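> Mind looking over this structure? Questions follow.
The values are calculated or read from the model by the stated rules, or taken from the named source; none is laboratory data. No experiment lies behind these values; they were computed from the predicted model shown. FYI the Cβ positions are ideal-geometry reconstructions off the backbone, even for glycines, and counts take in every protein chain you see.
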Protein chains: 2
Amino acid sequence: MTEDGRRTTGPGGTARRGRPRSFDREAALEQAVLAFWEHGYETTSVADLTRVMGIGAPSLYAAFGDKKALFEECVARYGERQGSYMGVALAEEPTGGAAVRRLLREAAAVFTAPGRPRGCMVISSAVNYQDAGAEVAAGLRGIRNRNLRTIEGRLREDLAAGLLPPTADPATLARFVGTVLQGMSQQARDGATRQELDAVAEIALTAWPAV
Amino acid sequence: MTEDGRRTTGPGGTARRGRPRSFDREAALEQAVLAFWEHGYETTSVADLTRVMGIGAPSLYAAFGDKKALFEECVARYGERQGSYMGVALAEEPTGGAAVRRLLREAAAVFTAPGRPRGCMVISSAVNYQDAGAEVAAGLRGIRNRNLRTIEGRLREDLAAGLLPPTADPATLARFVGTVLQGMSQQARDGATRQELDAVAEIALTAWPAV
DNA sequence: TTCTTTCTGTAGCGACCACTAGAGAAACGT
DNA sequence: ACGTTTCTCTAGTGGTCGCTACAGAAAGAA
């Protein structure tokens, strides 16, 4: 049994038995991403989810497990698609400094892209929670703190390569980047335009230490 | 009838009739502030509130109206106490630039003060919501955007007084300050220490334009 | 066709949501 | 003491929460 409880063909290429799923799992998942992204984990009910996904509750539970598992799959999916800008910037730019510059500039665009929720799902979808959302919130916090350490690692390389002044502290610089990103995400949710966020990112980058 | 539905003495100084309230309204309000601050508006139930306030639901409704009215009173109270740092900085510092410097440095301390929730209540207590919390979220967003315009006004004065370079844009600078504050609030909630936030604020201030 | 497998829709589980009716308790003035 | 006023406590209201039992539908296998 695969994670989603089904596959189109068996191991030997034989067709799967039983009634086939009547909805597009990928499309339904994408709708769930949008709902969680917009309203957050605890504040999005299963009824909200089934409505936007266009399926009944039993189908949701059969295909995704439960609400928490669905959310985690949504976070993973978000990270592969809309939220991939951070990994891409870190992977494609040659230095940490260049990655940070690209990161902040792309965030301004990504956080205000039309036709989808504003801001970053990893940042904003589990800010308010009670016991039921504590684990999920801890998971997102873990992602954020891991991202911070990744940036810090890249900046440590910059420091060793002489691309940062010897007095620069990679950990603090990384936290500064995270702070600006989280602030930009909230600003986007408060109505800031892409141009306004671009200007904010530009100011933040003037704080970057030069050798 | 006063807002809270009672007073200790009547207009003529005569004692109030009827059974007196058996709890300290101020103390109960303060506990409600802490609960909303920690968990947010929609994710704090009336049962949570009555528990931390130490009163029954009918007493809460008699003394504060309903959940929304209680929250609004909590926001007002927060603004007078723990959240007053912004107004104080803007009122006491002679220039916008000095106010911003003080603001960011005090935020590092206020957002990580021991014995109370981390971050800023106005920033973080209505990030995730559905229909029921939409009005409350809009109210907080209004406070944030009003604060931004207040800072912008002070920076406009700095610009006119020649304390900022003529190319500086007060609106963008104000939004940068708001972005860093919102980011610092989230960082505090993610576990950043006061020292770490201090260092972040210091970096942010290096971006401040000098004449 | 008939059996087996898997999905879907109805209907509802106990728990909780914000909120309140109504009875009794505790203060007042007279 | 007695009536009036106001608060508190018990016990609920209808509605929604996440989740699921069960029956019927829709597919492949025999």
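> Every residue in segment A:173-198 that is within 7 Å of another protein chain (Cβ to nearest Cβ) and touching an Asp or Glu at 6+ places or on another chain (Cβ under 7 Å), please.
Across segment A:173-198, the qualifying residue is only A:Arg175.
> Let me ask another. Of the residues in segment A:59-78, how many are touching a Leu at 6+ places or on another chain (Cβ under 7 Å) and outside any helix (DSSP H, G or I)?
0
> Also: Go through A:Asp131, A:Asp66, A:Asp48 for me and flag whichever is surrounded by 16 or more Cβ atoms within 10 Å (Cβ to Cβ) and within 16 Å of DNA strand C (Cβ to nearest atom). Outline the logic, then answer.
Numbers: A:Asp131 fails: surrounded by 16 or more Cβ atoms within 10 Å (Cβ to Cβ); A:Asp66 fails: surrounded by 16 or more Cβ atoms within 10 Å (Cβ to Cβ).
That would be A:Asp48, the only listed residue that is surrounded by 16 or more Cβ atoms within 10 Å (Cβ to Cβ) and within 16 Å of DNA strand C (Cβ to nearest atom).
> Sticking with this structure for a sec: In the list A:Val88, A:Val110, which residue meets the criterion of being crowded, with 17+ Cβ neighbours inside 10 Å and among the hydrophobic types (A, V, I, L, M, F, W, C)?
On the way: A:Val88 fails: crowded, with 17+ Cβ neighbours inside 10 Å.
One residue alone meets the criteria, A:Val110.
Quick grid of which residues meet (1) under 23 Å from A:Val127 (Cα atoms); (2) in the same structural domain as B:Asp198 (by TED's automatic domain parsing):
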residue: B:Glu42; (1), (2): yes, no
residue: B:Asp48; (1), (2): yes, no
residue: B:Arg51; (1), (2): yes, no
residue: B:Ile55; (1), (2): no, no
residue: B:Gly65; (1), (2): no, no
residue: B:Lys68; (1), (2): yes, no
residue: B:Gly96; (1), (2): no, yes
residue: B:Leu104; (1), (2): yes, yes
residue: B:Ala109; (1), (2): yes, yes
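> Also, I was wondering about something else. Quick one: is B:Gly54 within 13 Å of DNA strand C (Cβ to nearest atom) and either farther than 30 Å from B:Leu163 by Cβ or not hydroxyl-bearing (Ser, Thr, Tyr) (or both)?
Numbers: within 13 Å of DNA strand C (Cβ to nearest atom): no; either farther than 30 Å from B:Leu163 by Cβ or not hydroxyl-bearing (Ser, Thr, Tyr) (or both): yes.
Considered against the rule, which asks whether it is within 13 Å of DNA strand C (Cβ to nearest atom) and either farther than 30 Å from B:Leu163 by Cβ or not hydroxyl-bearing (Ser, Thr, Tyr) (or both), B:Gly54 comes out as no.
> Right, next: How many residues does segment A:124-152 hold that are in contact (Cβ under 8 Å) with a residue 24 or more places away in the chain and either under 21 Å from A:Ala99 (Cβ atoms) or within 13 Å of chain B (Cβ to nearest Cβ) (or both)?
Within segment A:124-152, the first condition is being in contact (Cβ under 8 Å) with a residue 24 or more places away in the chain, and the residues that meet it are A:124-130, A:132-133, A:135-137, A:139-140, A:143-144, A:147-151.
From what is left, the residues that are either under 21 Å from A:Ala99 (Cβ atoms) or within 13 Å of chain B (Cβ to nearest Cβ) (or both) are A:124-130, A:132-133, A:136-137, A:139-140, A:143-144, A:147-151.
Matching residues across segment A:124-152 total 20.
> In addition: Could you tell me which of the residues B:Pro165, B:Pro209, B:Pro117, B:Pro170 is surrounded by fewer than 22 Cβ atoms within 10 Å (Cβ to Cβ) and either within 11 Å of chain A (Cβ to nearest Cβ) or without any contact (Cβ under 8 Å) to a residue 12 or more places away in the chain (or both)? Break it down stepwise before answering.
Working: B:Pro165 fails: either within 11 Å of chain A (Cβ to nearest Cβ) or without any contact (Cβ under 8 Å) to a residue 12 or more places away in the chain (or both); B:Pro117 fails: either within 11 Å of chain A (Cβ to nearest Cβ) or without any contact (Cβ under 8 Å) to a residue 12 or more places away in the chain (or both); B:Pro170 fails: either within 11 Å of chain A (Cβ to nearest Cβ) or without any contact (Cβ under 8 Å) to a residue 12 or more places away in the chain (or both).
The match here is B:Pro209.
> Answer yes or no: is there a residue in segment B:26-42 that is more than 9 Å from DNA strand D (Cβ to nearest atom), of a type in the set (A, V, I, L, M, F, W, C) and either over 28 Å from B:Phe111 (Cβ atoms) or not in a helix (DSSP H, G or I) (or both). Lay out the reasoning, then the answer.
Residues of segment B:26-42 more than 9 Å from DNA strand D (Cβ to nearest atom): B:26-42.
Cutting the leftovers down to of a type in the set (A, V, I, L, M, F, W, C) gives us B:27-29, B:32-37.
In the following step, the residues that additionally are either over 28 Å from B:Phe111 (Cβ atoms) or not in a helix (DSSP H, G or I) (or both) were identified as none.
Scanning segment B:26-42 turns up no residue that is more than 9 Å from DNA strand D (Cβ to nearest atom), of a type in the set (A, V, I, L, M, F, W, C) and either over 28 Å from B:Phe111 (Cβ atoms) or not in a helix (DSSP H, G or I) (or both).
> Restricting attention to segment B:129-147, does a residue exist that is closer than 16 Å to A:Ile203 by Cα and acidic (Asp, Glu)? It would help to see each step written out before you state the result.
Taking segment B:129-147 as the starting set, the residues that turn out to be closer than 16 Å to A:Ile203 by Cα are none.
No - not one qualifying residue is present in segment B:129-147.
> Sort through A:Ala91, A:Ala99, A:Ala69 and tell me the only one that's farther than 24 Å from A:Gly153 by Cα and among the aliphatic types (A, V, I, L, M). Write out each step before concluding.
Numbers: A:Ala91 fails: farther than 24 Å from A:Gly153 by Cα; A:Ala99 fails: farther than 24 Å from A:Gly153 by Cα.
Result: A:Ala69 is the single residue among A:Ala91, A:Ala99, A:Ala69 that is farther than 24 Å from A:Gly153 by Cα and among the aliphatic types (A, V, I, L, M).
> What residue, of B:Ala188, B:Ala192, is touching a Cys at 6+ places or on another chain (Cβ under 9 Å), touching a residue at least 24 places away in the same chain (Cβ under 8 Å) and surrounded by 16 or more Cβ atoms within 10 Å (Cβ to Cβ)? Outline the logic, then answer.
Working: B:Ala192 fails: touching a Cys at 6+ places or on another chain (Cβ under 9 Å).
Exactly one residue qualifies, and that residue is B:Ala188.
> Return the total of residues in segment B:43-58 being outside any helix (DSSP H, G or I), away from chain A (no Cβ under 14 Å) and either of a type outside the set (Gly, Ala, Ser) or in contact (Cβ under 8 Å) with a residue 40 or more places away in the chain (or both).
Of the residues in segment B:43-58, the ones outside any helix (DSSP H, G or I) are B:43-45, B:54-56.
Of the ones still in play, those that are also away from chain A (no Cβ under 14 Å) are B:54-56.
Restricting the remaining residues to those that are either of a type outside the set (Gly, Ala, Ser) or in contact (Cβ under 8 Å) with a residue 40 or more places away in the chain (or both) gives B:55.
Total satisfying the criteria: 1.
> Does A:Ala91 meet the test of being assigned by TED's automatic domain parsing to the domain that holds A:Gly162, under 30 Å from A:Ile203 (Cα atoms) and not in a loop (DSSP other than H, G, I, E, B)?
Details: assigned by TED's automatic domain parsing to the domain that holds A:Gly162: yes; under 30 Å from A:Ile203 (Cα atoms): yes; not in a loop (DSSP other than H, G, I, E, B): yes.
Yes: the conditions hold for A:Ala91.
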